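Report on the structure given below.
The values are calculated or read from the model by the stated rules, or taken from the named source; none is laboratory data. Predicted, not measured: the structure shown is a model, and the values here were computed from it. So basically every Cβ, Gly included, is an ideal-geometry build from the backbone, and we count neighbours across all protein chains shown.
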């Protein structure tokens, strides 16, 4: 059986952020995709893991060597991943500082003989926001950084979802509700299927 490990990296640390919920929906879709592949005779196991990096400290060369335990743990997870799926909000036309801090740690060589863990990793980018920006600028900045670090970006399709409040189970009210993706789910499904193919063709 072919196995694919995908690690989801969410740019928000908030427990119920829209981007974290979007990542959860992506994970469900990937499991459905694996089942549908099985009916057509393809034995495919997709392992989808949501990365918890909330305990990673601010990058500081004074503590870089030896790397703090949360950094070592996160590097090990990234090493094992066949694909990285980024889900980012947009803060002031940019992706969040916590995500930049994570990438700063991951971009550093592990040792004099071991390079950083991001090189040639397959990556997809998605984002959702309550506003109208649809995370377009944040994604552009993120892709610029990842490309510089030699990450293998799947540029098409990317997913930009604006007006998140209109795609919740309480749309039309003053409550946030849970993400339901009433109109964007087909686009997420398409991105998930394309990303799996992108990883497999590496």
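Points worth noting:
- From 164, 138, residue being buried (at least 17 other Cβ atoms within 10 Å of the Cβ) and more than 30 Å from residue 35 (Cβ to Cβ): 138
- Conditions (1) surrounded by 12 or more Cβ atoms within 10 Å (Cβ to Cβ); (2) modelled with pLDDT under 95; (3) more than 18 Å from residue 199 (Cβ to Cβ): number failed by residue 16: (1)
- Selection status of residue 152, surrounded by 14 or more Cβ atoms within 10 Å (Cβ to Cβ), in contact (Cβ under 8 Å) with a residue 40 or more places away in the chain and closer than 25 Å to residue 29 by Cβ: yes
- The requirement of being surrounded by 15 or more Cβ atoms within 10 Å (Cβ to Cβ), out of contact with any helix residue (DSSP H, G or I) (no Cβ under 9 Å at 6 or more places or on another chain) and either at pLDDT 95 or above or farther than 26 Å from residue 194 by Cα (or both) is satisfied by residue 98.
- Taken over the range 33-56, the criterion of being surrounded by 12 or more Cβ atoms within 10 Å (Cβ to Cβ) and touching a helix residue (DSSP H, G or I) at 6+ places or on another chain (Cβ under 8 Å) is satisfied by 33, 44, 45, 46, 48, 49, 50, 51, 53, 56.
- Any hit, the range 145-161, residues being assigned to a loop (DSSP other than H, G, I, E, B), more than 19 Å from residue 82 (Cα to Cα) and in contact with a strand residue (DSSP E or B) (Cβ under 9 Å, 6 or more places away or on another chain): no
- Selection status of residue 63, modelled with pLDDT of 95 or more, touching a strand residue (DSSP E or B) at 6+ places or on another chain (Cβ under 7 Å) and over 28 Å from residue 130 (Cα atoms): no
- Residue ID - surrounded by the most Cβ atoms within 10 Å (Cβ to Cβ), chosen from residues in the range 177-187 that are closer than 14 Å to residue 19 by Cα and free of Cβ contacts under 8 Å to residues at least 24 places away in the same chain: 180
- Residue within the range 111-128 that is more than 30 Å from residue 176 (Cα to Cα), touching a residue at least 24 places away in the same chain (Cβ under 8 Å), touching a helix residue (DSSP H, G or I) at 6+ places or on another chain (Cβ under 7 Å) and surrounded by fewer than 14 Cβ atoms within 10 Å (Cβ to Cβ) present: no
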